[in-house]
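**Q** This is the structure I want to talk about, given as structure tokens.
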Amino acid sequence: MAKSQGVGGQSAEQALAGLTNMCADIAPLPLAEYEARLVEARRLMASKGIDAIYLNAGTNLYYFTGMRWYASERMVGALLTAAGELHFIGPAFEENTLRQYMLVEGEFHGWQEHESPYALFAQLLADCGLAQGTIGLDEAAQFFITHGIQQAAPKAHYVNADVISGGCRMHKSDAEIALIQRAMDMTMAVHKATAAMLRPGISTVEVEQFINRAHKAVGAGGSSFCIVLFGVATSFPHGVKDPQILQANDWVLIDTGCRLEGYNSDITRSYAFGEISARQRHAFEAERLAQLAAFDAAQLGKPCSAPDAAARKVLAEQGFSGDYTLPGLPHRTGHGCGLDIHEWPYLVKGNDMPLASGMVFSNEPMLVLPNEFGVRLEDHFYMTDNGPRWFTEPSASIDAPFGA
């Protein structure tokens, strides 16, 4: 009976015992990295006629200033001007805490609980001579913040800051690539351990709990997300409402990741728990070939739509749909990945942005067979000056989903 290698055969404790901390040599990004980002942001602002950008609490604030803070109902952020000024704004009672997270130095402007942070921001614009300037607003900021800013400073001209944030963040530095590489290596080790501890009767909830423990064992704070699906549930790309119990000869799909210094891993593996049917073998091979075709099509200067088109062409040649109808690929082939697990750019039809060095992508042309099962093989690659390079090696075959 043909089976997927590396699936089952160990207890959870045995599988965990085979994992070690993979982060002992990891250090935070240096100050120079953030300073270089600010220089590039100012260069882009000058080229696009943007006088300043507002960075809201979250990944944009962290990327440019090193300050890790969460988005909430209280406005916390920074104003970066094209002239080089950096001003932080936040609740006055949080100043001492915020300063502890302030990696790049800047002036702090605090507002009291009964005061309007938007009026304070408007005054800051006026003080910088930008009351009627062109201001880029963080694309991820909540509506009430961007609306509040625009109401308080109506004479300014507002644009989407993603031309700056995306323009910088989609091109990863060597240091960023190294962090993503380690995070991917960590999650791949977790995938292998998870496959080894599967057994009949285990629930998806138990597997998710194991994966969280396994991510901690390799040095992460736990799983940043986790999707575990068995049987027909694997035909739902992002899962089903209720847990499942693993049965003999079930199909398995596990999609999970972690974060390292804020950077995400994201890997999916699909395989058989037990005997492999002819239908599963054919679908797996079609998915594998589609993933490889997408990788081969990712060449410098080609549009971001090219990998998606290549994957769909292969699926059509294998007897499946070449568009979004099923059985076939119901979504884009890939997404950018970095501080946000889904970020610019996207491998999708109609995206004419040229592929360029430093871009990072998922490669996951999932094949969905409704009411049967789904096959998603997801690995990431990054663009180098010589073309695409894998972070993790793709599945070799349904017989060896994790290699020999």
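**Q** Grab the helices (runs of 4 or more DSSP H) fully contained in region 15-134, keeping just those with 1 or more residues being modelled with pLDDT of 95 or more and closer than 24 Å to His171 by Cβ.
**A** 31-48, 59-65
**Q** Residue check: is Arg99 basic (Lys, Arg), over 16 Å from Ile50 (Cα atoms) and open to solvent by less than 60 Å² (accessible area, probe 1.4 Å)?
**A** No; evaluated as a whole, the condition is false for this residue.
**Q** Here's something else I'd like to know. Can you pull out the residues in region 237-254 that are open to solvent by 10 Å² or more (accessible area, probe 1.4 Å) and under 20 Å from the mean Cα position of the chain (by Cα)?
**A** Pro237, His238, Gly239
**Q** Next up: What strands (runs of 3 or more DSSP E) completely inside region 318-404 contain at least 1 residues that are within 18 Å of Glu285 (Cα to Cα)?
**A** Qualifying strands (runs of 3 or more DSSP E): 360-363, 367-369, 373-375, 379-384.
Here is a yes/no grid of residues against (1) touching a strand residue (DSSP E or B) at 6+ places or on another chain (Cβ under 9 Å); (2) open to solvent by 10 Å² or more (accessible area, probe 1.4 Å); (3) in contact (Cβ under 8 Å) with a residue 40 or more places away in the chain:
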| site | (1), (2), (3) |
| --- | --- |
| Gln318 | yes, yes, no |
| Asp323 | no, yes, no |
| Cys337 | yes, no, yes |
| Glu343 | yes, no, yes |
| Ala356 | yes, yes, yes |
| Phe381 | yes, no, yes |
| Ser395 | yes, no, yes |
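**Q** Go through Ala195, Ala183, Ala153, Ala217 for me and flag whichever is in contact with a Leu (Cβ under 9 Å, 6 or more places away or on another chain), over 28 Å from Tyr34 (Cα atoms) and open to solvent by less than 20 Å² (accessible area, probe 1.4 Å).
**A** Result of the check over Ala195, Ala183, Ala153, Ala217: Ala153.
Rundown of residues vs (1) free of Cβ contacts under 8 Å to residues at least 40 places away in the same chain; (2) open to solvent by less than 30 Å² (accessible area, probe 1.4 Å), yes/no style:
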| position | (1), (2) |
| --- | --- |
| Ala46 | yes, no |
| Asn56 | no, yes |
| Tyr70 | yes, no |
| Leu103 | no, no |
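The values are calculated or read from the model by the stated rules, or taken from the named source; none is laboratory data. Since the model is a prediction, treat every value here as computed from it, not as a measurement. When we count neighbours, we look across all protein chains shown, and the Cβ atoms used for this are built from the backbone with ideal geometry, even at glycine. Surface areas here come from the heavy atoms of the whole protein model, side chains and all, with no ligands, DNA or RNA. Shrake-Rupley method; radii C 1.70, N 1.55, O 1.52, S 1.80 Å.
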